[in-house]
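These notes concern the structure reproduced below.
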Amino acid sequence: MAFGLPMKSMEPTICGDKLGNLIMEVAKNFVVYIGMVLACNGLHFLLKPYKQPRITSDIIVGLLVGNIGFVRELFEKFNLTLGFIIDFGMTCYMFTLGIEMDPHALFAKPNRYTKTALAGIICSFIMGGLVTPMFRYFPDENKLLEFTLAFSTMISSTDSPLLTRLITHLKIGKSDIGKLIIGAGMHTDFVCCLMLSIGYIVVPMPAYCQNLLGRFEIKKTVNVVFAVVVQVGFTAMVSPMLLKWVSNENPEGRPMKGPHLVLSIAFMVLMCASTTMYNYNPILSAFLVGLCVPREGRVSRWFITRINYMLTTIFFPIFFLWMGYESNFRQFELHHPATWVRLSVVLVVAVAGKVVGVVVYGAMSGVHWPESVAIGMLLVTKGHLQIYLAMKVIGCGGVTTSTGIVLVLGTFLTALPASRIVASIIRRAKKRAPTHRLALQMLDPSSELRILLCVQGPQNAPASINLVEITKGTADTGIVVYVTDMIELTAELSDSLERDEALQTATVKDRAVMERRDQVTNSFQAYVADNDDGITLKRTMTLSTITNMPQDIFILAEDLMIALIILPFHRSQREDKRLDSGNPGFRYMNRKVLRSAPCSVGILVDRGLGSFEGITRCEATINVAVIFIGGKDDREALAYASRVAQHSQVKLTVLRFLVDNSVESAALYRIISPEQEKEMQLDDECFTHFYERHVIGGRISYMEKHFANAAETFSTLRSFEGQYSLVIVGREGGMNSVLTRGMNDWQQCPELGPIGDVLSGTDFSMTVSVLIIQQHRLRGEIDGLDEDFSII
């Protein structure tokens, strides 16, 4: 008994020591992780002036930190756990990648993006299959064909998420070549991942790595094929119904219910795990499930944003630390010539394959060869999936750590020159399209028009609907209208918000705000239901303080590639038909938008435009006038009027105000500078084109008015009462002209320009609505070149 007591007292001590050691080891891992995060962010900050993508700094830090002695010793104890974390993270990565892909592209008619992607894939695959076996990347000759096919697929692939972020960050995502690169990258990634998913059924790599002499077992293959087909078919049938039901039960702007969210997650996990029972790879299984999940909808967006947030903030530092651990520099054959030959061959085959394929297709489709070369080189970009596969293949078929490091270095080098390639694209674009603007005048009349329609509340809905109706053009051209509620974020409203820090979003729960939004939504949905020809309606919300609201509108317009922002005037019509004193906050906002908007802007002064209910049903006509004096804003107003003229219920009159040179006083003040002379030439060209296209046919009325001074101009404007229901005018039309000289002496809203200020005056009219249009000013974000430039 005496000897037993010390033994019992020692047992808790041993357990406590083990627990203490475990906690200490976990703490060390956490410290290494924090150091990894800080080092990655620090190096990325240092490389920012060189516009390097984040993956370059992550690879450098991962290779260095992962080969530190005590870090390797630490990770050897948690190697199995680290492997589970990496596999789980890559499963989530592939799931979101699948959601963002469009499986219907396989069955649709090949477009430009698809053809570019396939040209690069086919050429790279053939070159990889022919060249790489000669350099013995896989020393064991057993299953050499299978390994070569898998290796060629990896060489042919593109990391589309990385390429998309890269192109967007370098500000060419809205250009035609940027869209082509992103679209071709998405199709390349989709096709290559699909090839890997199908190929894995026939060539399950883990089984072959463990037994290279094993034979092909058709029974196992049939079982896996059956399991994958059932998984894909069931997910494709059930997930749209499930997610649609969850979205209907959880409308936008309201918090998502927990049970519905849990049900959605459980369904996705069950589908991803179903084929693993038949030894199918869980990462590829997640990709196939993601393909079958609808891309649209609140639940899909929730999955994408949550998983991407987790990957960016938590997983990727661990991933690159694992990459560095697996890339043991002690086993890297630095002095062996074959190592550098293999690295050179990988790069040459990957680059040459893409470039040759894209250049050949570009020659057939009319793309200039410098642009084709640039597109091909950017499509070479490799990323996280390729690094993961390179690490996983180490030890399989005799593949050495040195070969794995070579593949990682190859991935690093594919992303390194991207900024230089984009810089060369921009240089050529500046030579070819130095003055391209995102303006109505520059748009193809037959192309789709994208409008951001801002409303303060339900009172703006009727006039906005009629404006959309007369703007929609023909059903062939189409119009996309984003209706956004401008909600001022007050202290009271801020307290009622439900915030999600991870997604950096907030859900409005204020009942009054939600009711106002519902009224606006119902009004527009009822209109679209009756007039769905060529109209696409989408809803958004701008929730911000008055100070920050202009910037939020700019971001929204850029993300949605808007051509025209329409804002309500800060003054509203009272019951006595006169305008009130207005909201100074919204006036401030309108002025900020006019000053810095990324596209053209229209300010709508509503004096009963919404009362014409018969326009949408083609039961009433509306008289519209457009004033043309001269200048870029008047040319923009004329371009807008050309769309309005296409409506059958619109009677459009073009009024051109000219200086009466016969009057001596008018000629005395008329001193023309070289810049004004150039503008006048542009005015004449624009108006002649409009006249020949619209006026000669007789559908549009045209009148010329000759004035000697601003007083005659003003008296003509006053005569509009009872003649026109809507007047369209350019913001700076007539600026510094004899026709408006002296008008600024009594201006109330100078931000609307001389003519717009008169027409929007509180005592000017009771029935004439006004649309003041400003043409997009050229942005200098890419050294004087707009982001939506065209080069191919």
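The values are calculated or read from the model by the stated rules, or taken from the named source; none is laboratory data. Computed from a prediction, not measured in an experiment: that's the story for all the values here. For neighbour counting, all protein chains shown are included, and Cβ atoms are generated from backbone atoms with ideal geometry for every residue, glycine included. Surface accessibility is based on the protein's heavy atoms, side chains included, excluding ligands, DNA and RNA. Shrake-Rupley method; radii C 1.70, N 1.55, O 1.52, S 1.80 Å.
Report yes if GLY89 is open to solvent by less than 60 Å² (accessible area, probe 1.4 Å), assigned to a helix (DSSP H, G or I), closer than 17 Å to LEU385 by Cβ and out of contact with any Asp or Glu (no Cβ under 6 Å at 6 or more places or on another chain), otherwise no. So GLY89 passes the test. Within segment 117-125, not a single residue is at pLDDT below 90 and in a helix (DSSP H, G or I). Using the structure shown, decide if ASN531 is in the same structural domain as VAL455 (by the TED database) and either within 26 Å of GLN775 (Cβ to Cβ) or buried (at least 23 other Cβ atoms within 10 Å of the Cβ) (or both). Considered against the rule, which asks whether it is in the same structural domain as VAL455 (by the TED database) and either within 26 Å of GLN775 (Cβ to Cβ) or buried (at least 23 other Cβ atoms within 10 Å of the Cβ) (or both), ASN531 comes out as no. Determine, yes or no, whether LEU311 is under 29 Å from TYR33 (Cα atoms) and assigned to a loop (DSSP other than H, G, I, E, B). Here the answer is no, as LEU311 does not meet what is asked.
Conditions tested, residue by residue: (1) in a helix (DSSP H, G or I); (2) out of contact with any helix residue (DSSP H, G or I) (no Cβ under 7 Å at 6 or more places or on another chain); (3) not basic (Lys, Arg).
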residue: MET364; (1), (2), (3): yes, yes, yes
residue: GLU371; (1), (2), (3): yes, no, yes
residue: ILE394; (1), (2), (3): no, no, yes
residue: SER402; (1), (2), (3): yes, no, yes
residue: ILE405; (1), (2), (3): yes, yes, yes
residue: ARG420; (1), (2), (3): yes, yes, no
residue: ILE426; (1), (2), (3): yes, yes, yes
residue: LYS430; (1), (2), (3): yes, yes, no
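For segment 316-326, the set of residues classified as more than 16 Å from SER57 (Cβ to Cβ) and open to solvent by less than 40 Å² (accessible area, probe 1.4 Å) consists of TRP322, TYR325, listed by residue number.
Right, PRO110: within 29 Å of the chain's Cα centre (by Cα), open to solvent by less than 60 Å² (accessible area, probe 1.4 Å) and at pLDDT below 90 or not? It is false that PRO110 is within 29 Å of the chain's Cα centre (by Cα), open to solvent by less than 60 Å² (accessible area, probe 1.4 Å) and at pLDDT below 90.
When ASP683, ASP633 are checked against the criterion of being at pLDDT below 85 and either farther than 22 Å from LYS705 by Cβ or not in a loop (DSSP other than H, G, I, E, B) (or both), a single residue qualifies: ASP683. Considering segment 541-557 alone, what residues qualify as being touching a residue at least 12 places away in the same chain (Cβ under 8 Å) and surrounded by 16 or more Cβ atoms within 10 Å (Cβ to Cβ)? Answer for segment 541-557, where residues must be touching a residue at least 12 places away in the same chain (Cβ under 8 Å) and surrounded by 16 or more Cβ atoms within 10 Å (Cβ to Cβ): MET541, THR542, LEU543, SER544, ILE546, MET549, PRO550, ILE553, PHE554, LEU556, ALA557. Test LEU347 against the criterion of being of a type outside the set (Gly, Ala, Ser), surrounded by fewer than 19 Cβ atoms within 10 Å (Cβ to Cβ), under 31 Å from the mean Cα position of the chain (by Cα) and not in a loop (DSSP other than H, G, I, E, B), and give yes or no. The answer is yes for LEU347. Contact annotation: residue pairs with Cβ atoms under 9 Å, 6 or more positions apart or on different chains, pairing a residue in segment 372-397 that is touching a residue at least 40 places away in the same chain (Cβ under 8 Å) with a partner that is of a type in the set (Lys, Arg) and assigned to a loop (DSSP other than H, G, I, E, B), are GLY397/LYS143.
For segment 701-738, the set of residues classified as under 19 Å from ASN661 (Cβ atoms) and among the β-branched types (Val, Ile, Thr) consists of THR713, THR716, VAL738, listed by residue number. For PHE303, are the conditions met, namely being within 17 Å of MET101 (Cα to Cα) and in contact with a helix residue (DSSP H, G or I) (Cβ under 7 Å, 6 or more places away or on another chain)? Taking the combined requirement at face value, the residue satisfies it. GLY478 meets each of the listed conditions (1) at pLDDT 75 or above; (2) open to solvent by 20 Å² or more (accessible area, probe 1.4 Å) apart from (2).
When we screen LYS538, LYS472 for residues that are crowded, with 16+ Cβ neighbours inside 10 Å and modelled with pLDDT of 75 or more, the only hit is LYS472. Considering PHE84, PHE190, the condition of being at pLDDT 85 or above, assigned to a helix (DSSP H, G or I) and open to solvent by 50 Å² or more (accessible area, probe 1.4 Å) is satisfied by PHE84 alone. Looking only at residues in segment 155-176 that are surrounded by fewer than 23 Cβ atoms within 10 Å (Cβ to Cβ) and modelled with pLDDT under 90, the one that is farthest from PRO49 (Cα to Cα) is ASP176. When THR767 is tested against the conditions (1) crowded, with 18+ Cβ neighbours inside 10 Å; (2) under 29 Å from GLU469 (Cα atoms), the lone failure is (1).
Matching residues to (1) outside any loop (DSSP other than H, G, I, E, B); (2) modelled with pLDDT of 90 or more; (3) within 30 Å of THR484 (Cβ to Cβ):
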site: SER247; (1), (2), (3): yes, no, yes
site: PRO251; (1), (2), (3): no, no, yes
site: PRO259; (1), (2), (3): yes, no, no
site: LEU270; (1), (2), (3): yes, yes, no
site: SER274; (1), (2), (3): yes, no, no
site: LEU291; (1), (2), (3): yes, yes, no
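Of all residue pairs spaced 6 or more apart or on separate chains, those with beta-carbon atoms under 6 Å, a first member in segment 267-291 that is touching a residue at least 60 places away in the same chain (Cβ under 8 Å) and under 15 Å from GLY98 (Cβ atoms) and a second member that is open to solvent by 40 Å² or more (accessible area, probe 1.4 Å) and assigned to a helix (DSSP H, G or I) are PRO282/THR276; LEU288/VAL232.
Among residues of segment 47-59 being open to solvent by 60 Å² or more (accessible area, probe 1.4 Å) and assigned to a helix (DSSP H, G or I), the one that is nearest to ASN328 (Cα to Cα) is ARG54.
When the criteria are applied in full, ALA390 fails the requirement of being at pLDDT 90 or above and touching a Ser or Thr at 6+ places or on another chain (Cβ under 8 Å). In segment 132-147, the count of residues that are crowded, with 19+ Cβ neighbours inside 10 Å, at pLDDT 80 or above and part of a helix (DSSP H, G or I) is zero.
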